[in-house]
Each structure stands twice: as structure tokens, then as C-alpha cells.
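Taking it in order: structure first as C-alpha cells, then the write-up.
The values are calculated or read from the model by the stated rules, or taken from the named source; none is laboratory data. Source: prediction; values computed, not measured. Here Cβ is always computed from backbone atoms with ideal geometry, including for glycine, and neighbour counts include all displayed protein chains. Remember, those area values only see protein heavy atoms, side chains included, never the ligands or the DNA or RNA. Shrake-Rupley method; radii C 1.70, N 1.55, O 1.52, S 1.80 Å.
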Amino acid sequence: MTSSEHEDDGSRATTDIDRVVHEPARLLILGLLYVVESADFLFLLNQTGLTKGNLSSHLSKLEDAGYVQVNKEFVEKIPRTLLRITPKGREALQAYRQGMMQILEDLPD
Amino acid sequence: MLETGDLKRIEQKAFRHTLQDGLVELTAGVYLVILAGFLQFTGGVVVALALFFLIGVPLVRHLKNRVTYPRIGYASFAQGDPGKLGLFMLGFLLLGLAAMVTVLVITGDISVARKWYRWMPIFIGIVLSGGFIGLAAISGLVRLWVYALFSVGLGVAWSIPRFEPRMENISFYLLSMGLFLIPWGLILFVLFLRRYPAPAEETSHDVE
């Protein structure tokens, strides 16, 4: 591969990065939801250290992108909003990981 | 987040978060004491086991819903590969059995059935330690490794004295293991309540 082909690949990889996932807070949220079956807002708040408004905003973006699913249910008469990563969200996180690994591997020594 | 190890650390941290209330220790400790009582005074464990599933498990779930989750939030974890879990538990059962049989052979008690009960604490200790080690592997909590070691050590310790009637060793093991776990659980629970005061309202937080 010539250096210009290398640069083209690098640029393409950079532009292919999913900006929804790339934001550090959203990356952490997706990572958390990736390892649990489901979690509520308060759990994510404690684990991420974000403010309520910040977390809400990021969750809305992830929900709009179809990466996170929000369900409301009642447990012992207490309402609970549960968040789950969707299959699309899992694929997005995995694709992001592969893309970033590729970019880092292509870095010159 | 690029390595599998990062996700593993996130999972461990999340799991540790849910164990900080001390309810595992508290309920396990209380249950072991009750089991010891049943064994000692009725000689049977079937009722105790039934109580565990009919009352114990729902009680823990209720406490978690009312006390723990409103304070630190709720998360459910994947059950894990049932095959692997089964193999893990079977492994510790067999290990416990092997340890007990080894001791029986060495002491010559293997030929006398009523003497087997004396060495049962070793078996129970190893099996219990398997549960703690499993939780420790998922959460990375050091104190669970301590419980596992203590469980085995206590099993050995309560197998040494010769008691009559034959169930005494087992009862004393269960009682002492329970009395060891209960204070731990209480301390963790009190620290948990102090660290996470009761929420102002019992409502969930909605995504805005």
C-alpha cells in the first residue's frame, strides 16, 4: 500500500467513525448497557457520574439513533424506566471498536 | 473501551455496585443460622430449603426493590452460560466430595456410615466457598475471597471435634458461618444506608 493509499484509508476510517458513539459520555453509556441486560436511569447516573440533564440528553440522542431502547414498567407499584442496548446499538459499538482499532493500528511507530 | 478487558472491568464495577448493600451476607447469614436450627432441633432440612425458596428469595427481592434500588439504581445482569455455571457448581460439588472422601479414607472412617457426618462440614465448606468464589470472579470483590477461605477453614475446624449426636458438627458449622456473615452484612448495610440516604421521592427518573 502506498502512503497516499494509506492516507486515503486513514481519512475514510476517520470519516466513518460513528459520531453518536464517539462522544465519551455516550461511549461509556453504551459500554455499560452492553454489559448489563438492562439498567435504570439512577444506575447509569451513579456509574457515569454525569448530571441528570447531561445523562438525559445523551440517552435521548442514543434513543433517537436507535441504539438504546426505553421501557417503563412497574415493580411493586414503583415505576421504573429501564434502558437496554438494542441489537443495532451493539453492532454500532462493535463497529466503532473495530474502526478505532484500525485507526490506532495504522498509526506510524 | 477498545479492549474486552475494558468491558470486563465495567461489568465488574457495575456488579460490585449492586453488592455494596451487604444484603447477600445478611440474608445468607440469617438463612444459615435458621438452617442450623432446623438441623439441630428437627433433624430435617426439607422445610428449611422450602422456606429459602418460598420466603427467603422473595424477601431479598423485596428488600432490594424497597431499599437498594431506590438508592443506587437497578441493573440486571445476563444469566451467563447455564452450561458453564452448571459445570462450575458441579466442579465444587465434586471437589467437596473428593476432599471429604479423602479424609474419610485417611482417618479410616469410610467404613462406618455414621462417622461420615463428622466430616460433612468440609464438604459444605467447599461447596459454599464455590458460591463465594463465583461471585468474587464476577465482581472482583476481595472480601468474597475471604468468605470463601473462611468457609473452607471453618469446615475443617468443625470436622475435627467428635460430637454426639452425629449432626452436631454440621449444625455448628452452619451456625458459626451464619454468625460470621451476619455482622459483616449488618456493617455493610449500615454503611450503605449512610452513604446513600433515602431518596426524596419514590419515583423513577425519566429520560427527558
Top-ranked residue of the range B:134-147 - restricted to ones that are without any contact (Cβ under 8 Å) to a residue 40 or more places away in the chain and aliphatic (A, V, I, L, M), ranked as surrounded by the most Cβ atoms within 10 Å (Cβ to Cβ): B:L144
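So that you can scan it fast, the table gives a plain yes or no per residue for (1) part of a helix (DSSP H, G or I); (2) open to solvent by 40 Å² or more (accessible area, probe 1.4 Å); (3) closer than 16 Å to B:F77 by Cβ:
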position: B:L7; (1), (2), (3): yes, no, yes
position: B:L26; (1), (2), (3): yes, no, no
position: B:G29; (1), (2), (3): yes, no, no
position: B:I34; (1), (2), (3): yes, yes, no
position: B:G37; (1), (2), (3): yes, no, no
position: B:F52; (1), (2), (3): yes, yes, no
position: B:P58; (1), (2), (3): yes, yes, no
Residue check, B:R118 part of a helix (DSSP H, G or I), more than 20 Å from the chain's Cα centre (by Cα) and buried (at least 19 other Cβ atoms within 10 Å of the Cβ): yes
Residue match in the range B:15-24 (condition: crowded, with 16+ Cβ neighbours inside 10 Å, in contact with a helix residue (DSSP H, G or I) (Cβ under 9 Å, 6 or more places away or on another chain), within 14 Å of chain A (Cβ to nearest Cβ) and not in a helix (DSSP H, G or I)): yes
Filtered residues of the range A:42-70 (kept if β-branched (V, I, T) and more than 8 Å from every other protein chain (Cβ to nearest Cβ)): A:T48, A:T51, A:V68
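Residue-by-condition table, conditions (1) within 13 Å of another protein chain (Cβ to nearest Cβ); (2) open to solvent by less than 80 Å² (accessible area, probe 1.4 Å):
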| residue | (1), (2) |
| --- | --- |
| B:K13 | yes, no |
| B:F41 | no, no |
| B:V45 | no, yes |
| B:L49 | no, no |
| B:N65 | yes, yes |
| B:L85 | no, no |
| B:L94 | no, no |
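Please go through the range B:159-198 and pick out each residue that is modelled with pLDDT under 90 and surrounded by 13 or more Cβ atoms within 10 Å (Cβ to Cβ).
B:S159, B:F163, B:R166, B:M167, B:E168, B:N169, B:I170, B:S171, listed by residue number.
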Count of the range A:83-109 residues which are touching an Asp or Glu at 6+ places or on another chain (Cβ under 6 Å) and at the interface with chain B (Cβ under 9 Å from one of its Cβ atoms): 1
Scan of the range A:16-34 for residues that are facing another protein chain (nearest Cβ under 7 Å), surrounded by fewer than 21 Cβ atoms within 10 Å (Cβ to Cβ) and under 27 Å from B:N65 (Cα atoms), ordered by number: A:Y34
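Table: residues versus (1) in contact (Cβ under 8 Å) with a residue 40 or more places away in the chain; (2) under 15 Å from B:L135 (Cβ atoms).
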| residue | (1), (2) |
| --- | --- |
| B:Q12 | yes, yes |
| B:Q20 | yes, yes |
| B:L23 | yes, yes |
| B:A28 | yes, yes |
| B:L32 | yes, no |
| B:G44 | no, no |
| B:V57 | no, no |
| B:K64 | yes, no |
Which numbered condition A:A39 misses (of (1) open to solvent by 10 Å² or more (accessible area, probe 1.4 Å); (2) small (G, A, S); (3) within 26 Å of B:K8 (Cβ to Cβ); (4) within 12 Å of chain B (Cβ to nearest Cβ)): (1)
